[in-house]
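Only one structure is covered here, and it is reproduced in the block below.
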Amino acid sequence: MVNLPIEYSSKPVTPFGGMSLMKRFIDQTGIREKLNQVELPAPGSNRGYDPKQIVESFWLSIWTGASRYVHCDWLRNDEVLQSIFGWDSMPSQSTYSRFFGKFSQKLNTELFPDLQHWFFDQLNTGSLTIDFDSTVITRYGNQEGSAKGYNPNKRGRNSHHPLMAFVSQTRMVANAWLRPGNTADSSSCRAFMQETFKEALKDKKVGLVRADSGFYTEDIMSYLDEEKLNYIMAVRMYPNVKSEVWGLKDWISLTKGIELNEMTFKHENGKLRRYILVKKKVDLRPSATGKQLFEDEPGYRYSCYVTNLDLPLDQIWNMYNSRADCENRIKELKQDFGLENFCLQDFWATEASFRFIMIAYNLMSLFRHFALSHHKRATLSTLKSYCFALGAWTVNHANKKVLKISLPAKRRPWLDGIFLNVKDTSPPFNYSIE
């Protein structure tokens, strides 16, 4: 086997010529103008970077594969990519650290709900289904707020325990808070819901709220009742709930190995509510979720949901099951957007980068829906190989800088079509739900 000879060239080339699509798409969204209106931390000197560029450079670093602050330095040598975005240079790792280090609890509370409200105000979506969930982010140090708590994957490790709210129809993040790792599941949940509904989504109609069992408290259910919001929530199998379930008779067979039932029950001296039970036979449904509740019934797993909807049992269960898609969103955020690795010593600095990652995720979701029509399939890792990882360089033609993208002739109409989609896309984004 003959090896090709090696030579070097100083010609500036980028492996991410397709990012010119995202640059033009960002132009269309108007988010730069919104960043101009909010109180971003100012640079410490006249030579400092514009805060808008720091934020946009951070997003660009994530979209091109960075999962740590040190990775953001990679793009500092990419002159072509900087030309695409109209920059003379890009921030260093220390610039990002100093910038996010200026964020505080007060600034985060004022800035991010406003940004999220502006973002969703650009979307015509109709009635929304909001999914509330929490996750665990393992930390490998003693960063502020990292503590030992429930961590199923890395037992005994320090972690953060964020709350997240997803819009089911658009597969976007409505709101997100970072919490210390030793925070109880239900801690701050009501305040988080209030910020989500009253600020981030204050001009949107919420048709349904779905939540995991970490939100199952009388306080939260009472709040949703007061706000007249429809909800389906997974129930923790406390002993008093198990006792009621054990006494149920007349189970309804839905399909082979699955039975349904319902009951009315008071949680923590609250009001009577409707509870839906799902009973799964393990040998017929070996992958069935749920918990084994009774030693006398080792072959069954149970799931329980509380709701204020007056709908058939199977419909309630099916409506809750589609909530599982938010687990895919969390997985993508961790694997493709560096959610677990952008961490600083200061808690509020880490939360600021955490919440900016959510906006980067929403922008990419918007792009893949309107520019690519890939609402349900394309993850960021797919998009990078699909349309962003295109070799490119710049040339001067007739006293004008031109971006040359390396692409076979038969694929050029495809890319031209995406550029045309971007050009024809502007707020308000009419989000048609399939």
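None of the figures in this text is laboratory data; all of them are computed from the coordinates on show. If you're wondering where the values come from, they're calculated on a predicted model, not measured in any experiment. Note that we place each Cβ from the backbone using ideal geometry, even for glycine, and neighbour counts take in every protein chain shown.
In a DSSP loop and with at most 14 other Cβ atoms within 10 Å, the chymotrypsin sites (Phe, Trp or Tyr not before Pro) in region 224-270 are W251. Working value for region 232-307: equivalent-ellipsoid semi-axes of 21, 13, 11 Å, each the square root of 5 times a Cα gyration tensor eigenvalue, largest first. Think of each Lys and Arg Cβ as +1 and each Asp and Glu Cβ as -1; about the Cα centre, that makes the dipole of region 232-307 roughly 280 debye. Placing unit charges on the Cβ atoms only, positive for Lys and Arg and negative for Asp and Glu, gives the chain a dipole magnitude near 1020 debye about its Cα centre. Among the listed values [x] 4, 19, 27, 24, 15, 8, 3, 1, 0; [y] 4, 17, 22, 18, 13, 8, 6, 6, 4, 1, 0, 0; [z] 4, 16, 19, 20, 19, 14, 7, 2, 0, the one computed from these coordinates for P(r) over Cα pairs in 10 Å bins from 0, in percent is [x]. Region 11-42 to region 331-407: how many Å between their Cα centroids? Each part reduced to its Cα centre gives a spacing of 10 Å.
In region 216-295, a dipole from Cβ-located charges (positive for Lys and Arg, negative for Asp and Glu) runs towards its positive end, and of L248, H267, T217 it is L248 whose Cα lies farthest in that direction. Long hydrophobic helices in the chain, taken as whole DSSP H segments with a C-alpha length of 27 Å or more on their own axis and mean Kyte-Doolittle hydropathy at least -1.0: 347-370.
Taken about its Cα centre, region 217-365 carries a charge dipole of roughly 400 debye when the Cβ of each Lys and Arg holds +1 and the Cβ of each Asp and Glu holds -1. The value of relative contact order for the chain, using C-alpha pairs under 8 Å at least six residues apart, is 22 percent.
Computed over region 232-307, relative contact order equals 32 percent, with contacts defined as Cα pairs under 8 Å that lie 6+ residues apart. Each Cα pair under 8 Å and six or more residues apart adds its separation to the average, and for region 167-251 the resulting relative contact order is 26 percent.
Applying a DSSP loop filter and a limit of 11 other Cβ atoms within 10 Å to the trypsin sites (Lys or Arg not before Pro) in region 211-266 leaves K228, K249, K256. For region 67-179, evaluate the Debye formula with one uniform point scatterer on each Cα (no solvent term) and list log10 I(q)/I(0) at q = 0.14 Å⁻¹, rounded to two decimals. At q = 0.14 Å⁻¹ the computed log10 ratios are -0.91. Simple rule: put +1 on each Lys or Arg Cβ and -1 on each Asp or Glu Cβ in the chain, find the dipole, and look at M319, A165, L344; the Cα lying farthest toward the positive end is L344. A cut-off of 5 Å between modelled amide H atoms, ignoring neighbours fewer than 5 places along the same chain, links V173 with V167, N362.
As a rough guide to protection, the peptides 9-18, 331-340 ranked by mean Cβ packing within 10 Å, highest first, stand as 331-340, 9-18.
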